[in-house]
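Down below is the structure, laid out as structure tokens.
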Amino acid sequence: HPMFGTVTEWYYRWLGGIRPIPAYPGFEEFILAPFAPKGLNAVQCTYVSPFGEIKSEWKRKKGGELQYELNIPDGSRARVHISLDSRQKITLVEDQKSGERITTGDINSGRFVLTGGSYLIVVE
């Protein structure tokens, strides 16, 4: 019985932000739009797609800084959406083995596309 199915879906889709794009079956391309509401300090989500493991984790640090750890499987792309206000600064730290792979978009807007690799995004 899928009694808790909607709760689990909400957790992955909204807090973790892992959302499919119907035009790209199997998560070849997907949305990563994690949501960090006030009062919640951390979320860890992992989804195993046909391309590999998708990871969306975030944690709130002292002073209000948010750190997002994302993993995009090789052969897939993530449309990343990070909510920012005008005072916040965003920094992308690439995994040393993958290198920074922004294909489109602007990191400063919080909307960009990343290809396969592991990334740390810091919002101050």
Going by what's in this entry, would Lys38 be described as basic (Lys, Arg), open to solvent by 50 Å² or more (accessible area, probe 1.4 Å), part of a loop (DSSP other than H, G, I, E, B) and without any contact (Cβ under 8 Å) to a residue 60 or more places away in the chain? yes
Quick check: anything in segment 18-28 out of contact with any helix residue (DSSP H, G or I) (no Cβ under 8 Å at 6 or more places or on another chain), surrounded by 15 or more Cβ atoms within 10 Å (Cβ to Cβ) and modelled with pLDDT of 90 or more? yes
May I ask you to list the residues in segment 41-66 that are surrounded by 15 or more Cβ atoms within 10 Å (Cβ to Cβ) and farther than 20 Å from Arg19 by Cα? Arg60, Leu66
If you scan segment 1-35, which residues turn out to be of a type in the set (Val, Ile, Thr) and either touching a residue at least 40 places away in the same chain (Cβ under 8 Å) or assigned to a helix (DSSP H, G or I) (or both)? Thr6, Val7, Thr8, Ile21, Ile31
Might you check whether a residue that is at pLDDT below 95, among the acidic types (Asp, Glu), in a helix (DSSP H, G or I) and open to solvent by 40 Å² or more (accessible area, probe 1.4 Å) occurs anywhere in segment 73-81? no
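The values are calculated or read from the model by the stated rules, or taken from the named source; none is laboratory data. Because the structure is a prediction, the values reported are computed rather than measured. Cβ sites come from the backbone with ideal geometry, for glycine too, and all protein chains shown count toward neighbours. Remember, those area values only see protein heavy atoms, side chains included, never the ligands or the DNA or RNA. Shrake-Rupley method; radii C 1.70, N 1.55, O 1.52, S 1.80 Å.
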